[in-house]
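> Quick one: structure below, then a few questions.
The values are calculated or read from the model by the stated rules, or taken from the named source; none is laboratory data. This one's a predicted model, so the numbers in the text were calculated from it and none came from an experiment. Virtual Cβ from ideal backbone geometry, glycine too; neighbours counted across all protein chains shown.
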Amino acid sequence: MKIMVTGGAGFIGSNFIRHMLTSYPEHSILNLDNLTYAGNLENLKGIESLSHYTFIKGDIADARLLESIEFDAIINFAAESHVDRSILNAYPFLQTNVIGTQCLLEAAKKRKCRILHVSTDEVYGSIEEGLFIETSTVLPNSPYAASKASADLLARAYHETYGLDVSVTRCSNNYGPYQFPEKLIPLVILNAIEGKQIPVYGDGKNVRDWIHVSDHCKAIDLIFHKGKAGTVYNVGARNEVQNIDIIKKILMIMDEKKRHEKRSFTDLIAYVQDRPGHDRRYAIDPTKVETELGWRPEIDFDKGISSTVEWYMENREWWKSILSGEYMDYYKQQYDGRFRE
């Protein structure tokens, strides 16, 4: 099978490609990524020469490009994904997350092939008590979440109208290696390493369910191969943690690793004004994927977060090139004016 993975140079997409290349050497993987700011081919360093892997530079909203690519299935990770950026400017989120997804659905329809669309639990909005299930009302509260919800509804419409073989996954917050430094966990780690202030929105008691990216990748693999067409699957680890608690946990781990210094990393915490529309609590019920497909998360959160801290501490070259902007300069020179590589 020739599988086109879109957004494969991003955090979750690159981890998924590594998983697929290892697990399914009989499949060919096409990585279509536009290399916007969060796309980084360094995330895939070491696999470029594999015979069953191909990188294609391009935009999922480019219908003509999609027509020129041969593939048997699509797994769509491509997205603008940072809530703060969507508040500042929603347009790129509509262009990629809505129009881009529609172009992929249309390409899959023409080929009559399977497509798995990777979404987010943020489409449900905030919940005070209980858990969201797949049939819960979609009530997004940020432009980012609204764009992802729109894409989800398009996927449903293509199944209902055209009979397209499409599944949607809605996952909770991911963590692990190769996550872009603007996200909470790498931001805390890198700011602490560099002695910078660690901003905490509001009172820091917003709750998220955290899942290691490798567990998420295994769930997507299973849903892609065995999931039912026209079905939404929630993917979560039943691991709810307040933001302030996860920040303190990370900083405690880092304090233990530098026992010779007197100052604690927790001194860097600074509470700042909350962002607009900040959802208080996300919580999803993954019972469907557990019972129908037999998936379970494998990585314990304490072990996972400790290994994640170690990864960022041991891979300074990776994140320093991002913070300096060097990685963008390099890929701009490499791929400007050329869609395919």
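> Is one or more of the residues making up the range 210-217 buried (at least 20 other Cβ atoms within 10 Å of the Cβ) and in contact with a Leu (Cβ under 9 Å, 6 or more places away or on another chain)?
No, every residue in the range 210-217 fails to be buried (at least 20 other Cβ atoms within 10 Å of the Cβ) and in contact with a Leu (Cβ under 9 Å, 6 or more places away or on another chain).
> Could you check the range 307-321 and list, in sequence order, the residues that are of a type in the set (Gly, Ala, Ser) and either modelled with pLDDT under 95 or within 11 Å of GLU42 (Cβ to Cβ) (or both)?
SER321
> Looking at (1) outside any loop (DSSP other than H, G, I, E, B); (2) within 23 Å of PRO297 (Cβ to Cβ), which one does ASP255 not meet, given that it meets all the others?
Among (1) outside any loop (DSSP other than H, G, I, E, B); (2) within 23 Å of PRO297 (Cβ to Cβ), the lone unmet condition for ASP255 is (2).
> Tell me whether the range 115-122 contains one or more residues that are farther than 17 Å from VAL235 by Cα and either surrounded by fewer than 18 Cβ atoms within 10 Å (Cβ to Cβ) or among the basic types (Lys, Arg) (or both). Lay out the reasoning, then the answer.
To start, the set of residues in the range 115-122 that are farther than 17 Å from VAL235 by Cα comprises 115.
Right, trim to either surrounded by fewer than 18 Cβ atoms within 10 Å (Cβ to Cβ) or among the basic types (Lys, Arg) (or both) and you get none.
No - not one qualifying residue is present in the range 115-122.
> Something else about it: Could you tell me which of the residues ILE69, ILE29, ILE74 is crowded, with 23+ Cβ neighbours inside 10 Å, in contact (Cβ under 8 Å) with a residue 60 or more places away in the chain and more than 27 Å from GLU182 (Cα to Cα)?
ILE74
> So, one more: Yes or no: the range 161-180 includes at least one residue that is surrounded by fewer than 21 Cβ atoms within 10 Å (Cβ to Cβ) and in a helix (DSSP H, G or I).
Among the residues of the range 161-180, at least one is surrounded by fewer than 21 Cβ atoms within 10 Å (Cβ to Cβ) and in a helix (DSSP H, G or I), which makes the answer yes.
> Something else: I'd like the full set of residues that are part of a loop (DSSP other than H, G, I, E, B) and touching a Cys at 6+ places or on another chain (Cβ under 7 Å), limited to the range 72-85.
Listed by number, the list holds a single entry, ASP72.
> Among the residues of the range 193-212, write down those that are more than 16 Å from ASP274 (Cβ to Cβ) and in contact with a Ser or Thr (Cβ under 9 Å, 6 or more places away or on another chain).
Passing the criteria: ASP209, TRP210, ILE211, HIS212.
> To continue, here is another question. Given the options GLY304, GLY294, name the one that is of a type outside the set (Lys, Arg), buried (at least 19 other Cβ atoms within 10 Å of the Cβ), modelled with pLDDT of 95 or more and more than 20 Å from GLU122 (Cα to Cα). Don't jump to the end; show me each part of the working.
On the way: GLY294 fails: buried (at least 19 other Cβ atoms within 10 Å of the Cβ).
Step by step, each of GLY304, GLY294 is checked, and only GLY304 is of a type outside the set (Lys, Arg), buried (at least 19 other Cβ atoms within 10 Å of the Cβ), modelled with pLDDT of 95 or more and more than 20 Å from GLU122 (Cα to Cα).
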